[in-house]
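Everything below concerns the one structure shown next.
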Amino acid sequence: MTMNAGIREMLWLMVLGAVLGAGAWFATEPDFGAALGNATETASVDEHRDRLARAAADDEGATGEGIPVVTNVDFETLMSVYLGADNVHFIDARDAGTYEAGHLPGAVHLDAERLDADETHGQAVIDAIPRKDAVVVYCSGGNCDLSMRLGRNLIARGFRNVLVYEGGWSEWVAEGAPVEEGAAQEGK
């Protein structure tokens, strides 16, 4: 065995050990994605109804155990479980002009990009929503990431039941669902 072959073998073993060690950590750490702020979950309609019922009862475990994560919600579940339900708040994460041109009925406006730049932006809206209530966040849909960014921001501020409507405004309109127009009202 030459010196170069020995060094290569030692390096190969070190890389293999690092990969196996990282794999073991990921396999045994249940909330590693949530701890990194990248976790999302998808729940069934029954799980959504159960979450909403527990949140309404002020159950501390309304979103399950561990670190809260953003939950995705689809159009059908949004319509059947959340729209019109008590203790549910809708937040439009798009800019003010887009919100004014049209938004989900009863949605408040909270510009995700402005909030990223200024943590005091929209504080009246944030303070008006009880932390235990369900919060449905949406943006334009498709490749728009504003709702996910805002959802993670709200979890960091203590909200436990944050949902992202991934279909967003584009799907809402395509489905022929009701819309409202008009300027944002702080704390609405």
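The values are calculated or read from the model by the stated rules, or taken from the named source; none is laboratory data. Note that the structure is predicted; figures quoted are calculated from it, not measured. When we count neighbours, we look across all protein chains shown, and the Cβ atoms used for this are built from the backbone with ideal geometry, even at glycine.
For region 158-170, the criterion of being within 19 Å of E181 (Cα to Cα), among the hydrophobic types (A, V, I, L, M, F, W, C) and surrounded by 15 or more Cβ atoms within 10 Å (Cβ to Cβ) is satisfied by at least one residue.
Looking only at region 107-162, count how many residues are charged (D, E, K, R) and free of Cβ contacts under 8 Å to residues at least 24 places away in the same chain. First the steps, then the outcome.
Applying the first criterion (charged (D, E, K, R)) to region 107-162 yields 111, 113-114, 116, 118-119, 127, 131-133, 145, 149, 152, 157, 160.
With free of Cβ contacts under 8 Å to residues at least 24 places away in the same chain added as a condition, the list becomes 111, 114, 118-119, 145.
Here the count works out to 5.
The one condition from (1) without any contact (Cβ under 8 Å) to a residue 12 or more places away in the chain; (2) in a loop (DSSP other than H, G, I, E, B) that G97 does not meet is (2). The set of residues from region 119-135 being outside any loop (DSSP other than H, G, I, E, B) and not hydrophobic (A, V, I, L, M, F, W, C) comprises Q123, D127.
Within the option set G187, G142, being modelled with pLDDT under 95, of a type in the set (G, A, S) and closer than 16 Å to E100 by Cα holds for one residue only, G187. Of the listed requirements (1) modelled with pLDDT of 90 or more; (2) crowded, with 19+ Cβ neighbours inside 10 Å, L52 misses just one: (1).
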